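**Q** For reference, the structure I am asking about is given below.
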Amino acid sequence: MSERITVYQKPTCTKCRSTFKILRERGAEFDSVNYYETPLTANQLRALVKKLGISPRELLRKDEQVYRDLNLANREVADDELIELMIANPDLIQRPIVVRGNKAVLGRPPESVEELL
């Protein structure tokens with residue numbers, strides 16, 4: 001694969017830092033997008049979900065306070081609404097999301113990035 005890798009991340013995230021370490025050790029060139037500083041659009045997040053091959057609900061961080069505050073475990077929420085909630089509350093988004101071309105993986109565990117190398 002010749003496409004450049006992009007990592008959507010939060011700088012304080014341990015899994016994100018571990019993913020960066022793996023990429024550097026493998027000599028992979030990559031771009032990093034801190035989606036707290038450069039927020040994702042709804043269309044960008046939809047595209048990432050599609051590349052990951054998962055549903056928006058599967059991208060939710062269920063241990064976050066905002067997840068509990070929004071009572072997301074106990075109610076049905078349409079995919080479009082989940083996307084909007086994640087855009088408004090980036091803590092809800094699992095991270096890191098590592099993209100290369102038309103494929104993406106969650107860096108949970110960080111070693112899953114190997115699939116893209």
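**Q** Measuring from label point to label point, each 7 Å out along Cα→Cβ, what is the ASN71 to GLU37 span in nm?
**A** Output for this residue pair reads 3.8 nm.
**Q** Got a sec? Which residues in the range 78-95 would a label at ARG46 touch, if it sits 7 Å along Cα→Cβ and we count backbone N under 16 Å?
**A** 78-88
**Q** Next up: Expected output is a single nm value to one decimal: the length gained when fully extending between GLU58 and CYS13, i.e. 0.36 nm times separation in residues minus the C-alpha distance. What is it?
**A** Result: 14.3 nm gained on full extension.
**Q** When the helix-only estimate is applied to the chain (DSSP H runs of n ≥ 4, each -39,500 (n - 2.57), divided by the residue count), what is the mean residue ellipticity at 222 nm, nearest 500 deg cm²/dmol?
**A** Value at 222 nm, helices only, nearest 500: -9500 deg cm²/dmol.
**Q** I would also like to ask the following. Out of PRO56, PRO39, PRO90, any idea which swings most in a Gaussian network model of the chain, alpha carbons joined below 10 Å?
**A** PRO39
**Q** Pairs of alpha-carbon atoms within less than 8 angstrom and 6+ residues apart define the contacts here; what relative contact order does the range 26-117 have, in percent?
**A** Across the range 26-117, relative contact order equals 27 percent.
**Q** Sequence gap of 8 or more, or different chains, plus Cα separation below 19 Å: how many lysine pairs satisfy both in the chain?
**A** Details: LYS10/LYS21; LYS10/LYS62; LYS15/LYS62; LYS50/LYS103; LYS51/LYS103.
Close lysine pairs under the 19 Å cut-off: 5.
**Q** Springs between alpha-carbon pairs under 10 angstrom, Gaussian network model over the chain: which of VAL66, VAL98, VAL49 fluctuates most?
**A** Its mean-square fluctuation being the largest, the pick is VAL66.
**Q** Dipole of the range 64-117, Cα-centred, from +1 at each Lys and Arg C-beta and -1 at each Asp and Glu C-beta, to the nearest 20 debye?
**A** For this selection, approximately 200 debye.
**Q** Would you work out the charge dipole size for the range 1-74 about its Cα centre, treating the Cβ of every Lys and Arg as +1 and the Cβ of every Asp and Glu as -1, and quote it to the nearest 20 debye?
**A** Numbers: 14 positive and 9 negative charges, 36 e Å.
With Lys and Arg at +1 and Asp and Glu at -1, about 180 debye.
**Q** Roughly speaking, to the nearest percent, how much of the range 20-117's 1.4 Å accessible area is carbon and sulfur?
**A** Taking all protein chains in place, the range 20-117 shows 46 percent carbon and sulfur surface.
**Q** Relative contact order of the range 1-61, please, whole-number percent, based on alpha carbon pairs below 8 angstrom and at least 6 residues apart. Mind showing how you got there, number by number?
**A** Details: 36 pairs, mean separation 20.5, N = 61.
The value is 34 percent.
**Q** Sticking with this one: For the chain, what is the percent of antiparallel DSSP beta bridges, rounded to the nearest 5?
**A** 65
**Q** With a 1.4 Å probe and all protein chains left in place, how much accessible area per residue does the chain have, in Å²?
**A** 56
**Q** Something else: Got a sec? What order do GLU115, GLU64 fall in by accessible area at 1.4 Å, biggest, i.e. largest, first?
**A** Correct descending sequence by accessible area is GLU115, GLU64.
The values are calculated or read from the model by the stated rules, or taken from the named source; none is laboratory data. This is a predicted model, so every value here is computed, not measured. Note that we place each Cβ from the backbone using ideal geometry, even for glycine, and neighbour counts take in every protein chain shown. For the accessible areas, the whole protein counts, side chains as well, though only heavy atoms, and no ligand, DNA or RNA atoms are used. Shrake-Rupley method; radii C 1.70, N 1.55, O 1.52, S 1.80 Å.
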